[in-house]
Amino acid sequence: MDFTVVTASAIIGFVLLLAGIPKLTDHESVVRSIRGYKILPGVLEAPAARALPIAETAAGILLVTGIARQWAAGAAAIMFTSFFLGLTVNLLRGRRDLDCGCFAFGLGEIPRIGWFHAVRAGILAVASVATVVIGSSATVPLQAAGSALALLLVLAGVAAAQIRSVVHLGRRPVDDYLSGASIRLRAAQATSRNGA
């Protein structure tokens, strides 16, 4: 059981590191993403944008190393629950043309959220809460083994996501030709909806 908790918490930690580290140097994109959700009062957007990458990175480091695991998992649970609620509220409002702000910000891509993003945040919130509730005491070798397995699993997930973004089974070349026009059309619709 301890190995499972250690591995799960390390997976959560690596996800937080993947999300937090790129945001540390891209404050404007984080502010833009937070502002897009239209949940926080304007005065809190910039401070939240400063605090979020630091909190994600710090909690990620603590979860991967096993230091103060339950405190870090509690912080992760709060963050993922907030993400889940922000995504769900906007999806229920019919607002899908948002940058989820989950990981690095896409260049040249039309930002779009979906239920996948909300479900993913919800699963990570539940896993974080479970880590707090179950707890564990891991030796250094157990922590190292769990973190190594977690790293392999996260890297496999990242690789699968990258392959999925490039390889589209069953698509024809005409689909690729028309995808640029489709992206521009969605961007124009999003701009007109947002009043810009």
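The values are calculated or read from the model by the stated rules, or taken from the named source; none is laboratory data. Nothing here was measured: the structure is a model prediction, and the numbers come from that model. Ideal geometry is used to build each Cβ from the backbone, glycine not excepted, and the neighbour counts take in all protein chains shown. Only protein heavy atoms, including side chains, enter the accessible area calculation; ligands, DNA and RNA are left aside. Shrake-Rupley method; radii C 1.70, N 1.55, O 1.52, S 1.80 Å.
Details
- Across the stretch 58-90, the number of residues qualifying as among the aliphatic types (A, V, I, L, M) and on the phi > 0 side of the Ramachandran plot comes to 1.
- Within the stretch 108-144, the only residue that satisfies the criterion of being assigned to a loop (DSSP other than H, G, I, E, B), without any contact (Cβ under 8 Å) to a residue 60 or more places away in the chain and more than 26 Å from Arg96 (Cα to Cα) is Thr139.
- Among the residues of the stretch 41-53, the one identified as closer than 15 Å to Ser82 by Cβ, in contact with a helix residue (DSSP H, G or I) (Cβ under 9 Å, 6 or more places away or on another chain) and exposed (fewer than 15 other Cβ atoms within 10 Å of the Cβ) is Leu44.
- Of residues in the stretch 57-81 being modelled with pLDDT of 95 or more and of a type in the set (S, T, N, Q), the one most open to solvent (accessible area, probe 1.4 Å): Thr81
- Those residues of the stretch 111-137 which are at pLDDT below 80 and buried (at least 16 other Cβ atoms within 10 Å of the Cβ), in sequence order: Pro111, Ser136
- Within the stretch 6-43, tally of residues that are under 16 Å from the mean Cα position of the chain (by Cα) and of a type in the set (S, T, N, Q): 3
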